[in-house]
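No value in this document is a laboratory result; all are computed from the given coordinates. Since we're looking at a predicted model, the values are computed, not measured. Here the Cβ is made from the backbone with ideal geometry for all residues, glycine too, and neighbour counts use every protein chain on show.
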Amino acid sequence: MAMKLDKVVPFGRSLDEYKCMFNLSPVDLDKKIIGVSDGPASFNAEMKKRGKSIVSIDPLYQFDAKEIDTQFYHVVDNIISQVKQTPDDWVWTYHNSPDQLRENRVIVLNKFTRDFEAGKLEKRYIVGELPTLNIESNQYEMALCSHFLFLYSEQFDYDFHLSAILEMLRIAEEVRIFPLLTLNLEKTPYLEPLLHELKSQGYLATVEKVKYEIQKGGNEMLRVTKI
Ligand SMILES: C[S@@+](CC[C@H](N)C(=O)[O-])C[C@H]1O[C@@H](n2cnc3c(N)ncnc32)[C@H](O)[C@@H]1O
């Protein structure tokens, strides 16, 4: 077993990690993007510094920065210790070691918390949760979702995943999801039936290799577009 978590944890990734996880090109980064389940990622904060306005939506944003900080420090050492106990399950190319992974997660969290209150006022951080988003249809060119769908396949069933993906396709032309593995490092059992269902509903759904891999074997993303 690679990782046992009681609930979805507030762990965040950087802009560079988002670029790698989702194969984001410079052209992609100029698109109108919504990050679904962005949590305490610094993607939004770092894009803002580059003059781009991203919207992030997550139930976590009902809390203030101090509370999110507390929630992070409540779980981080348990997660890093589980990583250290399962060395063969992880790939240390992007991050060098479990301790460096922890350092990076703290850097990301600090970038997020520094931006959060201002970003809330600017409506760049919105409270909301899948499978129903409080957003009008066709507002975005791209919706990104990392480390929520598929990863927590044990906690959220197939119907939840299908509704969540269709909901993201309601608001965005294209959806990208990473990774396709569960916390147990198994390929999500929902992938094949979802590919079949999405294709039968007229969407183009493809699995693509990406450069980012930390969970061993977790180097693929799902891309779904409206035809
Ligand atoms: C592990 S974090 C991933 C954060 C970010 N996407 C990243 O990869 O850096 C998972 C996030 O999913 C969010 N989440 C939990 N339930 C959700 C739901 N029903 N809809 C959308 N997001 C949810 C959590 O609040 C948490 O911030």
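Taking 0.36 nm per residue of separation and subtracting the Cα-Cα distance, full extension of the segment from residue 159 to residue 137 would add 5.8 nm. The relative contact order of the chain comes to 25 percent, based on Cα pairs under 8 Å that sit 6 or more residues apart. As a rough footprinting exposure proxy, the listed residues 55, 207 were ranked by other beta carbons within 10 Å of their own, and the order from fewest upward is 207, 55. Here the Karplus relation 6.51 cos²θ - 1.76 cosθ + 1.60, evaluated at θ = phi - 60°, turns the backbone of the range 176-188 into coupling constants of 10, 10, 9, x, 9, 9, 8, 4, 8, 6, 9, 4, 4 Hz, with x for every Gly and Pro. Summary of packing: across the peptides 144-152, 15-23, 33-41, the per-residue average of other C-beta atoms within 10 Å ranks them, highest first, as 33-41, 144-152, 15-23.
Using a cut-off of 22 Å between Cα atoms, the listed pairs 19/216; 48/111; 31/187 include 31/187 as exceeding that distance. Note on the range 189-227 and the range 38-58: Cα centroid distance 24 Å, given to the nearest whole angstrom.
Database remark: amide H of residue 90 closer than 5 angstrom to the amide H of 216 (H placed geometrically; neighbours at sequence offset of 5 or more, or on other chains; Pro and chain starts carry no H). Placing +1 on the Cβ of every Lys and Arg and -1 on the Cβ of every Asp and Glu, with nothing else charged, gives the range 15-226 a dipole about its Cα centre of roughly 680 debye. Taking a point 7 Å out from the Cα of residue 23 in the direction of its Cβ, the residues of the range 123-166 whose backbone N falls within less than 17 Å of it are 142-146. One chain, two ends: residue 127 and residue 173. Fully extended at 0.36 nm per residue, the span grows by 14.4 nm beyond their Cα-Cα distance.
More than 31 Å apart: what percent of Cα pairs in the chain qualify? Result for the distance tail: 15 percent.
The calculated 222 nm mean residue ellipticity attributable to helices in the chain amounts to -12000 deg cm²/dmol, summing -39500 (n - 2.57) over DSSP H runs of n ≥ 4 and dividing by all residues.
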